[in-house]
Structures are given as structure tokens and as C-alpha cells.
Amino acid sequence: MDATVSTFSFSRAPIAITELQGRLKDPACGGYASFEGWVRDHNEGERVAHLEYEAFEPLAIKEGARIVAEALARFGVEHAACVHRLGDLAIGEMAVWVGVTARHRQEAFLACRYIIDEVKHRVPIWKKEHYQNGDSGWVNCERCAAPAVQPHVHSHVHAHEHPAAAHAADYSRQMALKEVGVSGQARLAAARVLVVGAGGLGVPVLSYLAGAGVGRIGIVDGDRLEPSNLHRQTLYALADTGQPKAELAAARLRALNPEIDVRPHSVRLDAANAAELLEPYELVIDCTDNFSTKFLLNDLCVRLAKPAILSSVYQYEGQLQVIRPDRGGACLRCIWPHATRDGLVGNCAEAGVLGPVPGIFGSLQALEALKVLLDLPGQLGDELLVMDLTSLTISRLRARRAAACANGQCVRLVEAASVPPMQDLERTFASLDEAVRAGFTIIDVREPREVAEAPAPGVAATLIPVQQLLHGTPDLARDGRYLLVCASGKRSLAAAAELRARGFSAVHSLPGGIGRLERPLNA
Ligand SMILES: [Zn+2]
């Protein structure tokens with residue numbers, strides 16, 4: 001023979017071993033190892049009558065060829081090939097064949113074992129079992145290949161290298177849907193989705209996408225877990241408090257489905273890093289609780305023509321919008337031309353929320369994501385879905401694409417360089433007394449109810465709730481030194497930014513809010 005044989009192929013006819021062996025023969029090779037997998041008549045207590053194999057062939061052949069090439073390089077063998085059957089197979093028929101020739105037997109054994117194990121793990125092949133009782137079901141190859149296929153040649157080779165192999169992902173329940181099937185599952189395996197925010201909305205989105213077998217999932221979240229998150233963020237545990245949520249979520253998703261590629265980014269998405277974070281993904285899911293990130297994601301997705309699924313919840317209600325700039329659809333700004341400044345509408349911390357509310361909207365986001373990825377019918381189009389969960393009423397409001405949007409004027413992307421330095425807006429003090437000594441007047445922007453429940457420690461602060469501060473006529477000097485405080489530092493930051501924009505030059509916000517202040521010694 002003149003060239004190295006390194007092939008992975010499918011066959012709809014019985015596998016012709018003699019011909020394949022002939023192709024692998026080489027006078028320099030003294031060792032030949034082969035594996036054959038046969039169809040067995042029972043699996044997990046069920047009597048199997050016959051089997052069907054299906055594969056997403058373009059993807060499967062590419063991955064199979066890669067595995068064979070890896071085996072050649074890794075074990076230094078001369079020739080290797082693998083053939084997998086497709087279509088209907090009877091009991092006792094050969095489902096898969098691997099052959100390897102090498103100078104010595106040990107490399108041949110190892111390479112043979114490597115190829116069959118990796119093929120079972122990585123190649124998108126699905127098996128439908130037809131049982132003697134008339135039932136049938138799709139089963140992931142890996143899950144059942146081990147018990148259903150007889151090891152033929154290499155049973156004396158070392159213990160299995162993949163301890164997780166006994167528990168591989170099983171997508172049979174969704175593949176049973178005729179709209180999903182083998183090709184839909186392969187589309188999900190090849191899909192790349194970025195989820196921004198791993199909180200109340202993000203948790204159901206991440207869980208369902210990982211469970212569905214979405215091949216690559218990016219997670220962006222700069223926060224660390226707090227105990228108050230847990231009533232709605234069911235992916236986490238109390239013992240994880242203080243850990244970065246992106247990393248925690250990634251670990252849970254990998255445990256849920258070891259076959260997918262999960263990439264955590266423990267950063268806050270902003271104008272400086274957003275484009276780079278979005279670039280490798282084909283679909284973006286906004287699970288954040290702040291408007292500036294929502295508008296930033298909207299604007300980038302419109303510019304990059306990437307679909308995005310946006311949701312917001314407020315107390316007992318929420319809304320959902322799927323934007324399809326790739327199909328000329330309406331965007332977030334077509335509905336809300338004037339972006340609301342962050343912190344001026346309460347988020348979960350200030351407004352309060354019941355756990356299932358973001359749970360429901362996150363589940364809807366996951367559903368719409370799967371519809372987009374699988375191109376299923378009934379996708380939310382140019383409309384805004386609004387649901388009030390106290391009365392369980394749903395309305396769908398028509399969203400028209402603004403003329404400005406079609407001209408590309410909807411988008412107001414700020415260049416990273418023009419983002420004002422936010423550090424200057426925030427001033428850290430160990431106590432409010434320290435701030436007063438530094439010449440600041442303290443303004444507590446919380447609601448009276450919040451102040452009554454948790455008064456600011458130390459010196460008396462002037463109480464001006466944020467709405468009154470921004471929309472009323474508070475008696476403030478434009479050059480006065482003010483330190484705004486609230487519960488978490490978000491509302492005070494937003495209000496400080498707004499006041500700066502109105503010409504108050506020495507307004508600052510206390511980062512972390514009053515919760516992070518030292519208690520005075522005499523309290
Ligand atoms: Zn628009």
C-alpha cells in the first residue's frame with residue numbers, strides 16, 4: 001500500500017472486515033488489533049428486537065477522522081480505521097469495527113481502545129432501540145453501548161480511562177420530538193450561546209441549555225454568591241456563599257452535563273469587554289437586572305446581527321423580547337427609545353421578588369433559545385410578551401421596528417474610550433463619620449421604610465429618597481460635597497451619575513451601600 005490509512009466512515013451495509021483488514025496490512029507491522037461491537041438482545045431489563053443507528057454525518061465524520069488521527073499520533077501506530085453502521089440492525093450484527101496495525105502489539109491494543117472509547121464519547125451517533133414489547137426509544141450511544149455491545153478482542157487491556165462513561169448525557173426525551181430528532185440534537189451540540197447574568201433569570205436558562213446539550217455555553221457574571229440570592233437561584237448552595245457565581249454555575253453545569261463546553265467569565269460585562277465576550281457566540285441571552293447592560297447588549301447584537309433574548313422582571317411581573325436583527329426585526333430601543341438610567345427602577349434587592357417569578361421568565365428565555373437554535377415554529381417575533389403573575393394574565397404587544405432602526409440609528413453604542421471613569425463617582429469610607437470629617441454631607445437615598453428597618457450607622461444622614469432627589473426640588477448646592485448612600489450602592493451610584501450629568505461636580509456614591517460600613521464602637 002502507498003498511503004497511510006486513517007479513516008472514519010459510516011456504512012449502511014454490513015461491514016466487510018476482510019477488505020478493511022487488507023487495507024491495513026503492512027509488511028513493517030507485526031501487530032494488528034481489532035474491536036467489534038455487536039448488537040445484543042437485551043438492555044437494562046428490556047428485550048431488544050432490533051436497533052436503528054442515526055448520525056449527523058458531516059459533523060460525525062469530521063470528529064471521527066480527528067479521533068483516528070489522534071490515535072495515530074498519540075500511540076505511534078501505522079494505520080487505523082473505524083467503520084460505524086447506520087440504519088436498521090438485527091441482533092448479532094456488527095455495529096462498529098475498529099482496526100489498527102502497528103509495529104508492535106502494545107501500541108495496536110492501546111490505539112484500538114482509544115479509538116472506540118473516544119468514538120463513543122465524542123461522535124454524534126444515536127441509537128433507537130426497538131423492544132420486543134413493541135416500544136422503542138432513542139438512547140445516547142455512550143449510555144448503552146457498553147452493556148449492549150460485546151467487547152470482542154481487547155478485554156484484557158487496562159481499566160477504562162473515563163470513569164464518567166457509565167453516566168453520559170441522554171437526550172432521548174427531547175429527541176423523541178419529531179421536531180428535534182437526530183439532526184436537531186446535532187444542531188444543539190454545535191450551538192454556542194452566551195448567557196449574561198447567572199442570577200434569577202440565568203439559573204433556569206443555564207440549567208435547561210446544559211441539559212439540552214447546547215455544545216458551548218459562556219457565562220458572564222461578576223458577582224459573588226450572597227445568601228439572599230438562594231431563594232431564586234436554585235443552582236447554588238448556601239455553603240458557596242462568597243464564591244464567584246460564574247465559576248459556581250460552570251461547575252454545576254459540568255456536573256449536569258460533562259459533554260458540553262462551559263466557559264465562565266467572572267467579570268461584569270461593559271462597553272470595554274462586551275464585543276470580545278460576544279464574538280464567539282451565535283445567540284445572546286440577557287439575564288441581567290440592569291438597564292445599561294440590556295441596552296449595551298441590544299446595541300451590540302443589532303450591530304453584529306446576532307439574535308438575543310431579553311427579559312426583565314419587576315416584583316410580580318416581567319417581560320420577554322426576542323430580537324432578531326439577523327432577520328430585520330425590532331430591537332429594544334424600537335420599544336424604549338429613551339434608555340432608563342440604572343438604579344432608578346428598583347431591582348430585586350430593593351423592590352423585592354418571589355423566587356418563581358424570575359424562574360418562570362428564565363424558563364421562557366430557555367424555551368425561546370431552543371426554538372431559535374432548532375428553528376422551531378412559534379418563535380416570539382416582533383412583539384413584547386408581558387406577564388402579570390399575580391393575576392396570571394399574559395399580553396403580547398406588537399413591537400414595530402422604528403424607521404431609525406432600519407437606518408442603523410437605533411443603536412447608540414458608546415465607544416469604550418468615551419465611557420466616563422466610574423471610579424471617580426465612588427468614594428469608599430470605613431464609616432460615615434469619616435466621610436463627614438472629609439467634608440461630605442451624607443444623603444441617604446433609600447425609601448423611608450428601608451431607613452426605618454436599617455438606619456445608617458453613626459452620624460445622622462439627610463434623607464432624600466432617590467425619586468425625590470432626581471425629580472423633586474432638593475435644596476442642594478451645585479458645588480457642595482455630597483456622599484450618596486443606599487442599601488447596596490447601586491441606586492446611589494445611578495443618582496450620583498445623574499446629578500453629575502446635571503452639573504453637580506462633587507457628588508459621590510458610597511460603594512457597597514450602608515451594609516458594608518463599620519458599626520460605630522458606641523452603638
Ligand atoms: Zn431598534
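The values are calculated or read from the model by the stated rules, or taken from the named source; none is laboratory data. Predicted model only: the values in this text are computed from it and were never measured. For neighbour counting, all protein chains shown are included, and Cβ atoms are generated from backbone atoms with ideal geometry for every residue, glycine included.
Table for the structure above
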read-out: Pair list, Cβ < 6 Å and 6+ apart or interchain, from the stretch 259-282 residues that are closer than 12 Å to ARG216 by Cβ and assigned by TED's automatic domain parsing to the domain that holds ARG216 to residues that are at pLDDT below 90 and of a type in the set (Gly, Ala, Ser); value: GLU259/ALA169
read-out: Any chance HIS121 is part of a strand (DSSP E or B), modelled with pLDDT under 90 and either surrounded by fewer than 22 Cβ atoms within 10 Å (Cβ to Cβ) or not assigned by TED's automatic domain parsing to the domain that holds ALA90 (or both); value: no
read-out: Test: ALA95 is among the aliphatic types (A, V, I, L, M), closer than 28 Å to GLY184 by Cα and not in a helix (DSSP H, G or I); value: yes
read-out: Checklist (1) at pLDDT below 75; (2) within 16 Å of the ligand (Cβ to nearest atom); (3) surrounded by 18 or more Cβ atoms within 10 Å (Cβ to Cβ) applied to CYS348, failing item; value: (2)
read-out: Residue in the stretch 25-36 that is in contact (Cβ under 8 Å) with a residue 24 or more places away in the chain, of a type in the set (D, E, K, R) and not in a strand (DSSP E or B) present; value: yes
read-out: Residue among LEU225, LEU230, LEU256, LEU238 that is crowded, with 20+ Cβ neighbours inside 10 Å, assigned by TED's automatic domain parsing to the domain that holds GLY355 and on the phi < 0 side of the Ramachandran plot; value: LEU225
read-out: Number of the exception - GLY134 against (1) at pLDDT below 90; (2) in contact with a helix residue (DSSP H, G or I) (Cβ under 8 Å, 6 or more places away or on another chain); value: (2)
read-out: Considering residues of the stretch 50-62 that are in a strand (DSSP E or B) and either out of contact with any His (no Cβ under 8 Å at 6 or more places or on another chain) or modelled with pLDDT under 90 (or both) only, the residue nearest to ARG122 (Cα to Cα); value: ALA55
read-out: Count of residues meeting criterion [in contact with an Asp or Glu (Cβ under 7 Å, 6 or more places away or on another chain) and closer than 23 Å to GLY31 by Cβ] in the stretch 52-95; value: 7
read-out: Residues of the stretch 63-92 classified as assigned to a helix (DSSP H, G or I) and among the β-branched types (Val, Ile, Thr), total; value: 2
read-out: Tally of residues being assigned to a loop (DSSP other than H, G, I, E, B), under 22 Å from ALA305 (Cα atoms), away from the ligand (no atom under 16 Å from the Cβ) and modelled with pLDDT under 90 across the stretch 377-426; value: 2
read-out: Contacts under 6 angstrom Cβ, first residue in the stretch 285-307 being part of a helix (DSSP H, G or I), partner acidic (Asp, Glu) and more than 14 Å from the ligand (Cβ to nearest atom), 6 or more apart; value: PHE291/ASP342; SER292/ASP342; LYS294/ASP286; LEU297/ASP286
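Residue-wise test of (1) of a type outside the set (Phe, Trp, Tyr); (2) more than 24 Å from ASN407 (Cβ to Cβ); (3) under 17 Å from the mean Cα position of the chain (by Cα).
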| position | (1), (2), (3) |
| --- | --- |
| VAL267 | yes, yes, yes |
| LEU277 | yes, yes, yes |
| TYR281 | no, yes, yes |
| CYS287 | yes, yes, yes |
| PHE291 | no, no, no |
| PHE295 | no, no, no |
| LEU300 | yes, no, no |
| LYS306 | yes, no, yes |
| LEU310 | yes, no, yes |
